[in-house]
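Participant: The structure follows.
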Amino acid sequence: MKRSLTVLAILIAALMAGAGGYVYSKQPTRQGTETLANLQGTVTVRYDDRGVPHIRAENETDLYRALGYVHAQDRLFQMEIMRRLARGELAEVLGPKLLETDKLFRSLRIRERALSYVEHIDHDSASWKALQAYLDGINQYQDSHASPMEFDVLGIPKRPFTAEDTISVAGYMAYSFAAAFRTEPLLTYVRDQLGSDYLKVFDLDWQPKGALNLAASDWKTLSAIASLSEQALADNGLPQFEGSNAWAISGSRTKSGKPLLAGDPHIRFSVPSVWYEAQLSAPGFELYGYHNALVPVAFLGHNLEFGWSLTMFQNDDLDLIAEKVNPDNPNQVWYHGQWVNMTSSEQQIAVKGQAPVTLTLRQSPHGPIINDVLGENAGKTPIAMWWAFLDTENPILEGFYQLNRADTLAKARAAAAMVSAPGLNIVWANAKGDIGWWAAAQLPIRPAGVNAGFILDGSTAQADKLGFYPFSANPQEENPARGYVVSANAQPVSPTGMEIPGYYNLADRGQQLNTQLSDKSVKWDVNNSQALQLGTTTAYGPRLLAPLLPVLREVVKDPAQLKRVEQLARWKGDYPLDSTSATLFNQFLFNLTDAVFHPKLGDGMFKTLLTTRVIDAALPRLAASPDSPWWGGKRADTVKLAWDNSLAHLKATLGDDPTQWQWGKAHTLTHGHPLGMQKPLDKIFNVGPFAAPGTHEVPNNLSAMIGPAPWPVTYGPSTRRLIDFADPAHALTINPVGQSGVPFDSHYGDQAQTYIEGGYEQAHFSDEEVTANTRGTLKLLPAR
């Protein structure tokens, strides 16, 4: 027995040693020397206490080549999975369950747009040269090091990263804003199948001549496409861009007398998180930046002279168009008064463990036909897509290359004008005292009277684009007299007063920020700005409840339940971890939504409704409209049903004692990795769960979809940044998880606890502080 146990112990030790060696072979190298081809000089990379690289090079080309190299060793799998998603190549490594996602992204024509974009870009521009050096750094790392363990698990072959991959990822970013895929089918269904009175809750008027002659199979198709659009982004453990807060305060309103910049872009949580922090230093260039996978330029950044943050413009830059088919030729559609042929092409989609699948892609004069992704299950009406990303020059790479160097208001404005899609609000400040923001996008001119919130009729002029408005017509402000600018995804106003269709967030979050920023008695610094970023109160809940409380008091008879009603009546709309009112309200919100909308929309469209932004504004309108047809003439009965179902669900889920219905027990954040979707791999690759304060549309926008408890948080602040330009070398920052995407690395999830508790880290900037906080130095040497 002793001998057997000894042998077993030796075997276990050998296995553990082997596993340890395997894991060690995958870890980033942050100390020592490495040789890199094409370097002109030595590059020094100092890693700080959070694993952030501080890269110093003798020239910009070496700088970007080194950035690609260190970015790859921390995030190579993220780069791989992002390009595969954007280009419709996930099924090749993840199997047939991702086939529909691949079909969807192939139908978006991102691959083709990336190819033409690269063909027409100026190959002599500094931004192109930066991209090529960066990609070379990535590829050199990949060629000379062991594959990430995710590559081994999934059997992913190595292949070079290209400029087409970078532009494809930019296309994915643009698409992740495209709420039209979900919203337009829903609103058109309500208009054409339920009628004008049902649109009022969405603050829309019916167009008597706008109804489309769609069959039941077409509505089923549109519902399936809306669902696929959401799931393609939600089920892959990848970042999706959702909203954001940003503000800049002039020196007249700050304690330091210098501008202060704050920003926290709202993006779907993932492991690793979206941003890769890096300080870049070369003669004549210095930037502390936040980089996306496969993108050399920083989308967020600052130095001692200037800085900027982003929010999502959320303008409607994608139209769905129902085509009229020639009854004698199914390959023709009616366009500008005549039958016009559609074009078609075929693509092969590789599928792991199966034979390749052939996908036929069609295109009408309006754009790609997107319902072909459903194959034989598609309805009879082709649905085309017009998308600004496909139809504008969109020199976004050059725009952000220039923004990375924009130390004056004029330079920042010129850089913002280069961004076409996705639409972004660029919020900016500098040490000289300027503040400003620009809505960056090319806004299409649509025919008069066209409501882009509905699917458009391709047989008419509805879908025509008459050009684009000039950048000067975009919403923007520079150095306003009130002393601050704020952007929080609410609908902005153009200086020309023109309408800007879009899928905007509620005004509540922006109003909450504006109310506090407008208080002239407050002088702002990074301390009270932290409290503003971490705010968990909104007027939304009390506003929605106000007209329903009299109904609840009438229909609820049980004394114990009436105590819960009065508890909600006293609630101020705050979401700390210990709140039970927040839990009760959010459960009631779902059950009310379910009782009102589900019966009339059916399963598919109801699920789509829950993924849109229009539901947020519709619910307060519904509550304030006792005669809305959505109530079915039974408002009191419906409210009572929702209340009873809410209490029953909370008791079944969280227990009979209402004092235990605490928000932090029901509202949790888990950072999900693509492989963490499969148990038991979640224990290895995911980070969390954490009890999460905040909610949807508060400044600390830790958001979960409307649904029954418990509520898994899906998106929120992807970083929180605060920069006082009196001391920009001591900016505050935080990563929701960690800098590294390599499992078992010390920086894989080392910031997650600090993040959820509302903590900040200092971004080391000066050479002295970088030196003092250096934990490893990597020297990249030119190959001889």
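Read-outs throughout are calculated quantities, based only on the coordinates presented, and are distinct from any laboratory measurement. Quick caveat, the model's predicted, so the values are computed rather than measured. With ideal geometry, Cβ positions are generated from the backbone for all residues, glycine too; neighbour counts draw on all protein chains shown.
Participant: If a paramagnetic tag sat 7 Å from the Cα of Asp519 along the Cα-Cβ line, which residues of region 567-601 would have the backbone N under 20 Å from that point?
Facilitator: 572-576
Participant: Label points 7 Å out from Cα along the Cβ direction at Asn329 and Asp407: separation in nm?
Facilitator: 6.2
Participant: Trypsin sites (Lys or Arg not before Pro), restricted to region 50-84: which are DSSP loop and have at most 13 other Cβ atoms within 10 Å?
Facilitator: Filter output for region 50-84: empty list.
Participant: Right, another one. Once phi is turned into ³J(HN,Hα) by the Karplus curve 6.51 cos²θ - 1.76 cosθ + 1.60 with θ = phi - 60°, what whole-Hz value does each residue of region 642-648 show in order, with x for glycine and proline?
Facilitator: Rounded to whole hertz, the list is 5, 5, 4, 5, 5, 5, 4.
Participant: Under the rule of at least 5 residues apart or a separate chain, name every residue whose amide H is placed under 5 Å from the amide H of Trp524.
Facilitator: So Trp524 has HN proximity to Thr254, Lys255.
Participant: How long is the gain from His123 to Asp727 if the chain were fully straight, where each residue apart is worth 0.36 nm and the alpha carbon distance is subtracted?
Facilitator: 213.6 nm
Participant: For region 170-325, what is the Kirkwood hydrodynamic radius in Å, using each pair of distinct C-alpha atoms?
Facilitator: Mean inverse Cα-Cα distance, inverted, gives 19.2 Å.
Participant: Given the DSSP H assignment, sum -39500 (n - 2.57) over each helix run of at least 4 residues in the chain and divide by its residue total; what's the result at 222 nm in deg cm²/dmol, nearest 500?
Facilitator: -11000 deg cm²/dmol
Participant: Mind jotting down a quarter of the surface of the convex hull over the alpha carbons of region 595-722, in square nanometres, one decimal?
Facilitator: It is 10.7 nm².
Participant: Want the number for Gln753 to Gln231: 0.36 nm per residue separation, take away the alpha-carbon distance, what's left?
Facilitator: Contour length minus the Cα-Cα distance gives 185.1 nm.
Participant: Which value in nm describes the separation of the simple spin-label points at Glu566 and Arg553, placed 7 Å from the Cα toward the beta carbon?
Facilitator: Modelled inter-label distance: 1.1 nm.
Participant: Give the residues of region 364-388 whose amide nitrogen is closer than 15 Å to a point set 7 Å from the Cα of Thr358 in the direction of its Cβ.
Facilitator: Under cut-off, by backbone N: 375-376.
Participant: For region 373-464, which GluC sites (Glu not before Pro) are in a loop by DSSP, counting at most 14 other Cβ atoms within 10 Å?
Facilitator: Those satisfying the criteria are Glu393.
Participant: Less than 19 Å from a label point 7 Å out along the Cα-to-Cβ axis of Ala772: which backbone N atoms in region 714-741 qualify, by residue?
Facilitator: Taking a point 7 Å out along Cα→Cβ of Ala772, the residues of region 714-741 whose backbone N falls under 19 Å are 724, 726-733.
Participant: Hey, another quick one. Arg482's amide H: which non-local residues (gap 5+, or another chain) put their own amide H closer than 5 Å, with H modeled 1.01 Å from N in plane and none for Pro or chain starts?
Facilitator: none
Participant: So if we plug the beta-carbon distance of Asp143 and Lys465 into 1/(1 + (r/R0)^6) with R0 = 41 Å, what FRET efficiency do we get, rounded to 0.05?
Facilitator: Working from the Cβ atoms, E equals 0.40.
Participant: Charges only on Cβ, +1 for Lys and Arg, -1 for Asp and Glu: so what's the dipole of region 554-606 about the Cα centre, in debye to the nearest 20?
Facilitator: 140
Participant: Counting other C-beta atoms within 10 Å, and keeping those with at most 12, which DSSP coil trypsin sites (Lys or Arg not before Pro) do you find in region 547-647?
Facilitator: Taking region 547-647 and a limit of 12 other Cβ atoms within 10 Å, the loop trypsin sites (Lys or Arg not before Pro) found are Lys557, Lys572, Lys634.
Participant: Computed from the mean reciprocal separation of all distinct C-alpha pairs, what Kirkwood hydrodynamic radius does the chain have, in Å?
Facilitator: Over the chain, the inverse of the mean reciprocal pair distance is 27.6 Å.
Participant: Let me ask something else about it. Under the Karplus relation 6.51 cos²θ - 1.76 cosθ + 1.60, θ = phi - 60°, what is the ordered set of whole-Hz ³J(HN,Hα) values for region 498-512, x standing for Gly and Pro?
Facilitator: Whole-Hz 3J(HN,Hα) from phi for region 498-512: 5, 6, 10, x, x, 10, 8, 7, 4, 6, 4, 5, x, 5, 4.
Participant: Another question, if that's okay. Hey, which of these cross-link pairs are over 20 Å Cα-Cα: Lys103/Lys352; Lys324/Lys380; Lys607/Lys651; Lys640/Lys665?
Facilitator: Going by Cα-Cα distance, Lys607/Lys651; Lys640/Lys665 fall outside the 20 Å limit.
Participant: Turning to a different aspect of this structure: Using each residue's phi in region 261-267, evaluate 6.51 cos²θ - 1.76 cosθ + 1.60 at θ = phi - 60° and report the 3J(HN,Hα) Karplus result to the nearest Hz, with x for Gly and Pro.
Facilitator: After applying 6.51 cos²θ - 1.76 cosθ + 1.60, I find 10, 10, x, 8, x, 9, 9 Hz.
Participant: Could you check the spin-label model distance between Ser256 and Tyr22? Points 7 Å from the Cα along Cα→Cβ, value in nm.
Facilitator: Distance between label points: 4.9 nm.
Participant: Quick check for me: using +1 on Lys/Arg Cβ and -1 on Asp/Glu Cβ, what's the dipole size of the chain about its Cα centre, in debye to the nearest 20?
Facilitator: Charge dipole, the chain, about its Cα centre: 1280 debye, nearest 20.
Participant: Under 22 Å Cα to Cα from Lys779, which lysines show up? Leave out anything in the same chain fewer than 8 places away.
Facilitator: Hits, sequence-local ones excluded: Lys26.
Participant: Between Leu577 and Leu304, what FRET efficiency comes out of the Förster formula 1/(1 + (r/R0)^6) with R0 = 45 Å and r the beta carbon distance, rounded to 0.05?
Facilitator: 0.75
Participant: Let me ask you something else. Can you work out the FRET efficiency for the pair Ala481 and Glu286, with r the C-beta to C-beta distance and R0 = 41 Å, to the nearest 0.05?
Facilitator: Given R0 = 41 Å and the Cβ-Cβ separation, E is 0.80.
Participant: Stretch Asn528-Ala414 to full length: gain in nm at 0.36 nm per residue minus the Cα-Cα span?
Facilitator: 37.8 nm
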